[in-house]
Amino acid sequence: MTTKENELAEVQRLKKISEKERIRDFQNQRGYTVIKANSLIQKTTYNLTSTEQKLILSMIKNIDITSKNLGIFKFHIRDFCDIMGLKYNGKIISDIKEAITRLASDDKKFWIEEINEKGKKSSTYFSWIGSAKITESVVEISMGQHMLKYLIGLNEYFTQYNFWNIIYLKSKYSIRLFELLKSYENIGKLRISVIELRKKFQANQKLYGDFKRTVLIKSREEINKYTDIQIDFIEIKNGKSVEF
């Protein structure tokens, strides 16, 4: 090789090393970080238990952008138990299998309602899980490629937070409300009708007083105690809307 060719080869080698280091640094920084497109938080309606949500978020935080199989998410049940403070035994494996079965069922599917740059509305029907496999203590779950665009390669309109924020949230509504308010954190407030909030969370309390107690007050208590944001809410028009 000529001197010029050697120089070009060295430049290309350094570029490759730099790219590998950049990816590794990103992966290390991500660690326990959950990153989701805002539309996956703001434009969806679904009803998952706190355990089901934490399983999904465990997979999302473990995304390996260097993997050739980006649609495959893996986590160790023992690690999941350590993080959640659960006892690792046969029952927890059975419980996780049941949670995965529920996540794959038709009644857990959901819609994402979006508006594109041209102002056209679109609705996409999603399933959280395509297939799942458990080998000893390793859970391997497949999500469809259609879901990946809401989880990786996001340059704008996304929300990120540390997974540790949701670990101690017991109420399923607390996790949903935390994510929703986190996605509006840069704005500083969110005004939303109670009807819309009920729909997003699929909350079935018949009386507003019950909704206020089990969703708004309980979530405020847990979010303020266990997460990195502090929230409060104001009732507007006799409880027809709330502002956080």
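A few remarks follow.
- Candidates SER174, SER127, SER137, SER122 - the one that is of a type in the set (Ser, Thr, Tyr), within 22 Å of CYS81 (Cα to Cα) and assigned by TED's automatic domain parsing to the domain that holds LEU103: SER137
- Selection within the range 110-144 - part of a loop (DSSP other than H, G, I, E, B) and surrounded by 14 or more Cβ atoms within 10 Å (Cβ to Cβ): SER127, TRP128, ILE129, GLY130, SER137, MET143
- Yes/no for TYR150 being of a type outside the set (A, V, I, L, M), part of a loop (DSSP other than H, G, I, E, B) and either assigned by TED's automatic domain parsing to the domain that holds ILE72 or within 15 Å of the chain's Cα centre (by Cα) (or both): yes
- So LYS237, is it out of contact with any Leu (no Cβ under 6 Å at 6 or more places or on another chain) and at positive phi: yes
The values are calculated or read from the model by the stated rules, or taken from the named source; none is laboratory data. Since the structure is predicted, the reported quantities are computational estimates derived from the model, not experimental observations. When we count neighbours, we look across all protein chains shown, and the Cβ atoms used for this are built from the backbone with ideal geometry, even at glycine.
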